[in-house]
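Step one of this worksheet: look at the structure below.
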Amino acid sequence: MKIAIVGTGYVGLVAGVCFAETGHHVYCVDIDEAKVDKMKKGIVPIYEPGLNDMMTHNMKVGRLEFTTSLSSIIEEVEIVFIAVGTPMGEDGSADVKYVLKVAEEIGTSMSSYKVVVDKSTVPVGTADKVAAEIRKHTDLDFDVVSNPEFLKEGAAIDDFMKPDRIVVGADSEKAKDRMLKLYDPFVRTGAPIYCMDVKSAELTKYVSNAMLATKITFMNEMARVADAVGADINRVRKAVGADKRIGSSFLFPGVGYGGSCFPKDVNAIEMTGKNLGLPMSIMQAVTEVNEDQKRYMCRKITEDFGEDLKGKSFGIWGLSFKPKTDDMREAPSLVVIEDLLSRGAEVKAYDPQAMDVTRKHCLGDKITYGEDPYQMLEGCDALILMTEWTEFRSLDFVTLKSKLKGNRIYDGRNIYDRDECESQGFSYTGVGC
């Protein structure tokens, strides 16, 4: 099958490469000429484990192509995926202007039946808007399908190739049959495909992300209770997670969630409810608690060092919002760093992948970037762990002692053992433990 995917961010590029890997011929479309030129040369614009090799292979065998022109290839394809960004608007709702722009181009350039698939995370009712936009420009037959993605950055290839489930929202049998054929290679191991109406599929993605964000936020709030009463949230988490009705996933307390999905999607579902006249108290609380949680370590630091941090130096391990990605969108590290800088502190940072993105798009040269996690701690008053990259999990206490001027460790992800740290002469602060 020949397909087009418009938009080459995390969702679009991963989907395109994975579809090509299963034998489909894929055209990835993006209006950014410089980005397309780089991809044509085999340069992957994002960091995602396994993506580079898979992309290079499928380009080499001729199943994966890149272009800036949808109109030039639209008649080659049966299915067009829309995977462009849906940024958060000023009121918190998802902005679908880029989705509708692609719909307009499809309508003006198609000359035969197409299945148009909303792969971007979009509010309920967007498929109707896409259909209306296409219909303005053509009388030809088409169908609009909702096919939300459920990829985790850092594990996106695995998630796509071996999905927990696939959701297809289609209101016509013709479109549903095309989608089932497309996804057949991905469900041979028994993963279910849930076929439903379009609006239910659109809502499914928001409900999934809102539920996960709520679990994270709930446990972060419980970590504050544990902190106040002197309990250990790590022990609480394990006991609670053993309950099969609850499960252990997403019960890890920390310094708040970030990334491109949870913050935007929680806000979007909140605005959807408000626009319908429905109170969205839980979603509003999730956002408020999460934003406050990003300042958890800031409060702990000022309790120890005071409000004025002039003359103090702090080393940050981890910048990206989670491991195995260079994504800095809504990263908790940015909140902590800006707070430290505003109080006059010097900040040094190391991240295995996200330093270039941080320098170019977030902080510039406000902070110092280190090429070695231990060397950059030279003369620092404290170490602050913000992202639980694998390479940070085992501490070299001898080297740490030789580099740090102070003896404080602030563990924003609870990956270190308090007793071990304290036995080595360090003062340890975790999240609720």
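Tabulated data
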item	result
Residue in segment 188-211 that is more than 30 Å from Asp141 (Cα to Cα), touching a residue at least 60 places away in the same chain (Cβ under 8 Å) and of a type in the set (Val, Ile, Thr) present	yes
Output for segment 382-398, where each listed residue is surrounded by 14 or more Cβ atoms within 10 Å (Cβ to Cβ) and either assigned to a loop (DSSP other than H, G, I, E, B) or among the β-branched types (Val, Ile, Thr) (or both)	Ile384, Met386, Thr387, Glu388, Trp389, Leu395
Lone qualifier among Asp327, Asp292, Asp339 - being closer than 25 Å to Glu149 by Cα and either among the acidic types (Asp, Glu) or without any contact (Cβ under 8 Å) to a residue 60 or more places away in the chain (or both)	Asp327
Residues that are aliphatic (A, V, I, L, M) and surrounded by fewer than 17 Cβ atoms within 10 Å (Cβ to Cβ), drawn from segment 32-47	Ala34, Ile43
Tally of residues being of a type in the set (S, T, N, Q), touching a helix residue (DSSP H, G or I) at 6+ places or on another chain (Cβ under 8 Å) and part of a helix (DSSP H, G or I) across segment 106-158	2
Unique match (being farther than 20 Å from Tyr296 by Cα and at pLDDT below 95) among Gly406, Gly425	Gly406
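For every residue, the table says whether it meets (1) out of contact with any helix residue (DSSP H, G or I) (no Cβ under 9 Å at 6 or more places or on another chain); (2) modelled with pLDDT under 95; (3) hydroxyl-bearing (Ser, Thr, Tyr).
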| residue | (1), (2), (3) |
| --- | --- |
| Asp53 | yes, no, no |
| Thr86 | no, yes, yes |
| Gly92 | no, yes, no |
| Val99 | no, no, no |
| Val102 | no, no, no |
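Yes or no, residue by residue, for (1) assigned to a helix (DSSP H, G or I); (2) of a type in the set (D, E, K, R):
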| site | (1), (2) |
| --- | --- |
| Asp171 | no, yes |
| Leu182 | yes, no |
| Arg188 | no, yes |
| Lys205 | yes, yes |
| Leu212 | yes, no |
| Phe218 | yes, no |
| Asp227 | yes, yes |
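The values are calculated or read from the model by the stated rules, or taken from the named source; none is laboratory data. Everything numeric in this text was worked out from a predicted model, so none of it was measured. Counting neighbours? That spans all protein chains shown, and the Cβs are built from the backbone with ideal geometry, glycine included.
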